[in-house]
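Peer 1: So that we are looking at the same thing, I have put the structure below in structure tokens.
FYI, it's all coordinate maths here, none of it is from the lab. In this text the structure is predicted, and so the values were computed from the model without any measurement. Cβ: placed from backbone, ideal geometry, glycine included. Neighbour counts: every protein chain shown.
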Amino acid sequence: MAAEHSPEQPLWQPSAERQARSHLYRFMECLRARQGREFKDYAELHRWSIDEPDRFWFEVAHFTHVLADWADAPVLQHGERLPGAKWFPGARLNYAENLLRHDDDHPALIACDEQGHERTLSHRQLRQEVARIAAGMRAAGLQPGDRVAAFLPNLAETVVAMLAASSIGAIWSSCSPDFGLRGVIDRFGQIEPTMLLAVDGYRYAGKRIDSRAAVENMLTQLPSVRQVLIIPLLDPTAELDPWIESLSNDGRQSIPWQNFGNAQAKLEFNRLPFDHPLFILYSSGTTGVPKCIVHAAGGALLMHLKEHQLHADLQRDDRFVLFHHLWLDDVELVGECSGEWSGARAL
């Protein structure tokens with residue numbers, strides 16, 4: 001019989017060597033050097049982050065090397081207001097630029113499907129794909145503030161499209177293909193997307209689920225959509241060409257993923273205000289039509305960097321996986337900071 005474990009006794013504790021090479025330890029060392037602050041333990045650091053949030057988040061941004069144009073302005077204005085507080089006024093940044101800062105052959109994204117097929121994109125390949133798709137989005141007239149709706153499962157292409165949209169300053173929102181049509185329209189119908197990304201279908205529990213009828217019905221109820229980008233997941237592009245062409249009408253263009261954009265394009269990033277919208281999430285809809293929840297680029301970026309580096313201690317060679325459906329119902333996309341990118345997390 002296993003001995004009972006005392007609740008006061010930790011199940012596991014890192015060695016002194018591991019603690020000394022952690023991001024959190026280095027962060028505390030940075031605070032000691034920059035501010036002369038001494039923290040005896042995590043609880044004391046946590047208390048300081050609550051008591052002096054402006055100084056804490058300034059130091060997080062400095063420690064994680066956020067790429068931004070910083071203004072000569074207070075870190076926090078109207079901090080006593082909720083809502084109404086304004087973080088880093090005057091600062092300008094781009095979420096995708098910070099996630100795509102590496103340009104090498106180190107793995108950035110590993111995607112696996114239900115059939116066991118695996119695909120790996122290096123940081124360089126990911127940057128190239130994002131540049132291609134972003135060029136297509138720009139050519140289609142996508143502007144900062146436009147909404148991009150994704151009717152997609154967890155795919156490498158989903159990550160690429162999100163990063164491409166955010167590189168421009170467009171606002172990303174997604175629903176999983178296993179959503180019912182009404183649930184999708186209740187969400188996307190509120191945000192008036194300019195572009196829709198969708199798949200022809202998906203596999204679940206060994207079965208092929210055709211999504212083409214759902215996409216057609218969706219477009220009849222989303223008149224704001226001017227561009228449709230189809231990712232062939234079940235069938236080859238050639239077999240889907242007639243269907244994809246049939247989605248183009250009344251000035252709306254539909255094109256397969258493989259033919260979209262410019263493979264020779266270079267990455268471009270629009271640096272926008274810290275509080276520029278990045279993602280639109282939704283409430284569950286249990287008390288009526290789901291409510292839109294907007295997450296800003298700067299806040300999402302700093303939270304991810306803080307969580308991944310200070311809490312999870314992700315290092316460059318680590319692999320991070322957190323399984324979740326990719327609909328944004330109280331779910332926030334997770335970006336790569338120093339480890340690899342995968343999935344989404346519940347709030």
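Peer 1: Of [x] 18.6; [y] 22.0; [z] 20.9, which one was derived for mean projected area of the Cα convex hull in nm² from the structure shown?
Peer 2: [y]
Peer 1: Based on the mean of other beta carbon atoms within 10 Å per residue, what is the order of 43-52, 140-149, most packed first?
Peer 2: Numbers: 43-52: 12.5, 140-149: 18.2.
Top to bottom by mean Cβ count within 10 Å: 140-149, 43-52.
Peer 1: Using just the helices of the chain, give the 222 nm mean residue ellipticity in deg cm²/dmol: DSSP H runs with n ≥ 4 each add -39,500 (n - 2.57), and the total is spread over all residues, rounded to 500.
Peer 2: Calculated mean residue ellipticity at 222 nm is -9500 deg cm²/dmol.
Peer 1: Next question. Taking only the alpha carbons of the stretch 39-92, what extent do you get along each of the three principal axes, in Å, biggest first?
Peer 2: 34, 28, 15
Peer 1: Once amide H atoms are placed 1.01 Å from N in the peptide plane, what residues at a sequence separation of 5 or more from LEU272, or on another chain, have their amide H within under 5 Å of its amide H?
Peer 2: Residues meeting the amide H criterion: LEU93, ASN94.
Peer 1: State, in angstrom, two size descriptors of the stretch 123-220 derived from its alpha carbons: Rg to one decimal place and Dmax to the nearest whole number.
Peer 2: That works out to 13.8, 40 Å for Rg and Dmax.
Peer 1: Average projected area of the Cα convex hull of the stretch 181-322, in nm²? Intermediate results must be reported in sequence, preceding the final value.
Peer 2: Details: hull surface 50.3 nm².
Spelled out: convex hull of the Cα atoms, projected over all directions, averaged, 12.6 nm².
Peer 1: Just how large is the dipole of the stretch 96-346 about the Cα centre, in debye to the nearest 20, putting +1 at every Lys and Arg Cβ and -1 at every Asp and Glu Cβ? Present the calculation step by step, with values, prior to reporting the outcome.
Peer 2: Numbers: 22 positive and 32 negative charges, 87 e Å.
Dipole of the stretch 96-346, to the nearest 20 debye: 420 debye.
Peer 1: Using packing as a proxy for protection, rank 159-165, 17-23, 119-125 so that the peptide with the highest average count of other Cβ atoms within 10 Å comes first.
Peer 2: 159-165, 119-125, 17-23
Peer 1: OK, next. Name the residue farthest towards the positive end of the dipole of the chain from the options GLY201, GLN115, LEU11, assuming +1 on Cβ of Lys and Arg, -1 on Cβ of Asp and Glu, about the Cα centre.
Peer 2: GLY201
Peer 1: Between PRO153, PRO223, PHE88, whose Cα lies farthest towards the positive end of the dipole of the chain when Lys and Arg beta carbons carry +1 and Asp and Glu beta carbons carry -1, centred on the Cα centre?
Peer 2: Of PRO153, PRO223, PHE88, it is PHE88.
Peer 1: Within 10 Å, count the other beta carbons around each residue, average over each peptide in 309-321, 238-250, 264-276, and list them highest first.
Peer 2: 264-276, 309-321, 238-250
Peer 1: Quick one: of the DSSP bridges fully inside the chain, what percent are antiparallel, nearest 5? Don't jump to the answer; show the numbers that get you there.
Peer 2: Details: 23 of 44 bridges.
So the antiparallel bridges amount to about 50 percent of the total.
Peer 1: Translational diffusion coefficient of the stretch 1-150 at 25 °C, 0.890 mPa s, Stokes-Einstein with Kirkwood Rh over Cα pairs, in µm²/s as a whole number.
Peer 2: Once the numbers are plugged in, D ends up at 121 µm²/s.
Peer 1: Using a ≥ b ≥ c from the Cα gyration tensor of the stretch 202-245 (square roots of the eigenvalues), is it rounded, prolate or oblate, where a/c under 1.5 gives rounded and otherwise the larger of a/b and b/c decides, a/b for prolate?
Peer 2: Verdict is oblate for the stretch 202-245.
Peer 1: For the stretch 81-138 and the stretch 234-270, write down the distance between their C-alpha centroids in whole Å.
Peer 2: Computed from Cα coordinates, the inter-centre distance equals 20 Å.
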